[in-house]
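Quick notes on the structure that follows.
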Amino acid sequence: MTGIGFIFGACLLWALDTLIRYPLLFGGTSAWTIVWLEHALLVLALGWWLRKLLPGLLSRRRDWGPFLVIGGLGSALGTVAFTHAFGLINPSVVILIQKLQPVVAVSLAALLLGERIDRRFLALFAVCIAGSLMIAWGDIAPALSIQNWTDGEARARLLGYGFTLFAVFAWGASTVFGKQLSNRGYSTLELMGGRFLCGFLVLTPCLFAFSAPLDAFAVPVASKVLIMVMLSGLGGMGLYYLGMQRLPARTTAIAEMFFPVAAVTINWLAPGIAAALTPLQIGGAAVLLLGSTLIALTQSEQAPTPRQDPEAGMLDRASDA
């Protein structure tokens, strides 16, 4: 039970992220500012391992591309899109649709790494898509009507789903290329360090182009982001790895279901964070969570060891995914 307790603790810390991220966003802080500051603080926290990683990485040019994918695309742009989506649609919906990530990761692994896809995966893929449509249908259906194309709110909702799906794709790609780097001998801390450094390098020019850089150094903003990094980033990831070391991969996959449940519950209980889900959305969430968990379980059955690398999803789901 200790391992499951660690996973549950990690999921709870990741879920608490919304209580800081959402008020920051609606308080006028740019998503670019929030995510850049997260990466700056994480680079500082992992500076010791980065110092040892950089000389070897600079000499291994074939690894630059994968690190750019997991850092620049997944950790940087994916998290910015995820944060933007919070301001456009229900944050609970954003978190639930993020559970499509295993579908994207397995599909990209088949395309890029040549891994097999069987009929069981295709059936579960259809289940996940059906669940996602049930969650989003109340927002998508009105926007499909030509009469509503001039409605700014409908366009904003579609944009929110676009940002969410981009984040899902970015984190799924990050999972695949993170696995590739792990197979080349990089440790977890090296992957995290290279990931956040590449993300920081990509985000820095974006901060100056799309945001007000000085906002990142405002004490109220910096202090809240620091809490977010300590809780959902370093704290959540640390608990996750402690749990992962004590559990088989399939048990870890089931325990991870606590994250969206905890996040949606916290969003529902906290005033002003998110609207309550409709019965259709709750049903869709159950279908999506079931399908994505079964996909994770079937993949863990094929893994050579019981210890899985969660490189792309976990931290992105909180900051990670």
Taking N as the number of residues in the range 154-267, what value does Rg over Cα atoms divided by 2.2 N^0.38 Å take?
1.29
What FRET efficiency do you get for N183 and L44 if R0 is 25 Å and r is their Cβ-Cβ distance, rounded to the nearest 0.05?
0.30
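Since every read-out is calculated from the coordinates, none of them should be taken as a lab result. Everything quoted here is computed from the prediction, not taken from an experiment. With ideal geometry, Cβ positions are generated from the backbone for all residues, glycine too; neighbour counts draw on all protein chains shown.
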